[in-house]
Structure formats: C-alpha cells, structure tokens
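What follows is a short report on a single structure.
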Amino acid sequence: PAMSLSFHIGFNGQCEEAFNFYAQALGGTIGTLLRVADSPVPATSEAHARQIVHANIRIDGVEIAGGDVAPEQYQRPQGFCVLLGVESEARVRSVFEALQAGGEVVMAPQRTFFSPCYAIVVDRFGVPWKINCGT
C-alpha cells in the first residue's frame, strides 16, 4: 500500500466555517465533515454536538484534515505554514485577498529573490499561509 501524507489542523470551534471558506476561496472540495452528534463521542451540549470531530478538504490534489478541539486544548497554529504554490502572480494576489479578510497580513504580495510573487498571511482562523508563484 502506498503511503500518504497530510496534516491536521485543530480549530477553536470553527472547523466547519474554515473548511467552507477554504472550499469557496481556494476551490477546495470538502470530503468528510463528521460532527460530534454523528459520532460515538458523547456530546456535552448542543454546541458541542455541532462541532467537527474530523473533516478533510482537497485543494488541488492536496488534503488538509482538521477538527474542533476542546477550548482548553486549543492552541493557535505555530511553527509551520501551509505553503500554497499557485500558477500565476494574479492567483497569488487573489488567494491572498481572500485569506487576509479578517486575518493578519505578514507580508503583502511582492517580488522576492526566490519568487516573482510571494505573500504571507495568517487567516481569520489562525492558520498561517505562505503563497508562492512558480515553485
């Protein structure tokens, strides 16, 4: 059997919202969206029952997984970025515009020594993205 590699992001109760946003903004396709209510995990409240145990989304052939974690266990993602390679400078700018809404701009799209157009942004869900044209 072939090995697969993905990564999993813990969300602070916003997994479904984030994945719907990524589907719309990045052209992703949501696969699984498993709620606590539809799983063997006992729900502690109505709000908890609506939270996501596991979800996945495919964006240009790459899978991102995620789920909501208990508020006391949530930590904002750090020490990594989701590196998104796109085909054009215009696509870097459009993805950047979508992801920066309500988020934090680290570096606006610009030419660098290694890329004709590169940007860094932390989206409104706390997920850090690096968007690169070309490589």
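Here are some notes:
- Looking at the stretch 1-91, the GluC sites (Glu not before Pro) that sit in a DSSP loop and have at most 11 other Cβ atoms within 10 Å of their own Cβ are GLU87.
- Candidates GLY79, GLY61, GLY103: whichever shows maximal mean-square fluctuation once the chain is modelled as a Gaussian network with Cα springs under 10 Å: GLY79
- Carbon and sulfur %, accessible surface of the stretch 36-130 computed with the full protein complex present, 1.4 Å: 52 percent
- For the stretch 85-135, fraction of C-alpha pairs farther apart than 18 Å, in %: 20 percent
- Restricting attention to the chain, close to 65% of DSSP beta bridges with both partner residues there are antiparallel.
- Spin-label model, VAL41/ALA90: points 7 Å from Cα along the beta carbon direction are separated by 4.1 nm.
- Net charge, ARG35 excluded, C-beta distance under 14 Å - Lys, Arg +1, Asp, Glu -1: -4
- When you filter the chymotrypsin sites (Phe, Trp or Tyr not before Pro) in the stretch 1-86 for DSSP loop state and at most 16 other Cβ atoms inside 10 Å of their Cβ, you are left with TYR74, PHE80.
- Among [x] 21.4, 79; [y] 16.0, 52; [z] 15.9, 50, the entry that matches Rg and Dmax of the Cα atoms in Å as calculated here: [y]
- In the distance distribution for the stretch 10-83, Cα-Cα pairs more than 14 Å apart total 61 percent.
- The 3J(HN,Hα) values that the Karplus relation (6.51, -1.76, 1.60; θ = phi - 60°) gives for the stretch 26-42 are, in residue order, 10, x, x, 10, 6, x, 8, 9, 8, 8, 3, 4, 9, 10, x, 5, x Hz. Gly and Pro appear as x.
- Per residue, in Å², the accessible surface of the chain once ligands and nucleic acids are set aside, probe 1.4 Å: 57 Å²
- Kirkwood analysis of the Cα pair distances in the stretch 48-112 returns a hydrodynamic radius of 14.7 Å.
- The chain, relative contact order in percent, only Cα pairs under 8 angstrom and at least six apart counted: 22 percent
- Net charge contributed by nearby residues that have their C-beta within less than 12 Å of GLY85 (K/R +1, D/E -1): 0
- Taking the convex hull of Cα positions in the stretch 1-52, its mean projected area over all directions (nm²): 5.1 nm²
- Taking label positions 7 Å along the Cα-Cβ direction at both ALA70 and ARG124, the computed distance is 2.9 nm, reported to one decimal.
The values are calculated or read from the model by the stated rules, or taken from the named source; none is laboratory data. In this text, all values refer to a predicted model and were calculated from it rather than measured experimentally. Using ideal geometry, Cβ is built from the backbone for each residue, glycine included, and neighbour counts are taken over all protein chains shown. Heavy atoms of the whole protein, side chains included, go into the accessibility calculation; ligands, DNA and RNA do not. Shrake-Rupley method; radii C 1.70, N 1.55, O 1.52, S 1.80 Å.
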